[in-house]
Amino acid sequence: MTSPDLLPSLRRLVRGLSAIFWGLPSTLLVCVLMAVAEFPRALGSAPPVVTTGLLLFGVFELSRYQPQERAWQGALDRAKLLALVNFGLSPFVYFWSRLPTESYYFQIVIALAVTGLLFLLQLNHVLQRLAALLPDETLREDMRFFTRMNLTLMLLGLVLVGGYHLLAQLDYLPQAVIEALDFGQVARIRFALVVVLVLLPVSVTMSLVWKTRDVVLGSVFGPRS
């Protein structure tokens, strides 16, 4: 049985996990569509702001649970910082979609891609810390395995983003390579491909978030029949 004093924090924990579960695919989808399609741009910078704001809200809701646990709260503080940075940079996805040849906007979008990957990485660490606080050994074992797999995939994504960005800054590359790395429509497509590279870690993280949510609900209402 769960203590009545714990129920409000568990409710906010479930709300935060739900917000993160829906915010992850929404943010990924909005950023890709902003890069390659015209119709979401009619809403201006609102779509990426709303989706990254949902992630920020979710992380803040998680922090209401077990505030006395330092390791858990420390992991959440780092996730909050990255979520806040993503929220602040998100309007530039729209700005860059309107002016893809503007290198300043492109640099910020690349920074957003990196901080987005770092947020996803830190979110996996947050989930590990949360699993350690919950009475479910199976969840802890799954969390250890899948977060290690996500770490490998996300580090690969960071290397690809950083390598592409570095090559784009070099002045002595052959002309054919420079043209391939141009900032126009090709840059939009390449950005979308880089985002797709993190699709698997996002989907795995979503499944971990949902399983954690089910464990929390099970601790309150009992196992689902």
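The values are calculated or read from the model by the stated rules, or taken from the named source; none is laboratory data. All values derive from a computational prediction rather than experimental measurement. Here the Cβ is made from the backbone with ideal geometry for all residues, glycine too, and neighbour counts use every protein chain on show. With ligands, DNA and RNA removed, areas are computed over all heavy atoms of the protein, side chains included. Shrake-Rupley method; radii C 1.70, N 1.55, O 1.52, S 1.80 Å.
Data for the structure
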{"read-out": "The range 28-145 - accessible surface per residue (Å², probe 1.4 Å)", "value": "45"}
{"read-out": "Whole-percent carbon and sulfur share, accessible surface of the range 8-125, 1.4 Å", "value": "69"}
{"read-out": "With DNA, RNA and ligands ignored, accessible area of residue 105 (1.4 Å probe; Å², nearest 10)", "value": "50"}
{"read-out": "Net length gained if the chain between residue 155 and residue 217 were fully extended (0.36 nm per residue, minus Cα distance)", "value": "19.1 nm"}
{"read-out": "Pairwise FRET efficiency - residue 50 versus residue 132, Cβ, R0 = 41 Å, nearest 0.05", "value": "0.80"}
{"read-out": "3J(HN,Hα) from dihedral phi, the range 80-88, Karplus parametrisation 6.51/-1.76/1.60, rounded to Hz, x for glycine, proline", "value": "4, 4, 5, 5, 5, 4, 4, 4, x"}
{"read-out": "Under Karplus coefficients 6.51, -1.76 and 1.60, residue-wise ³J(HN,Hα) of the range 210-217 in Hz, glycine/proline x", "value": "5, 5, 5, 4, 5, 5, 5, 4"}
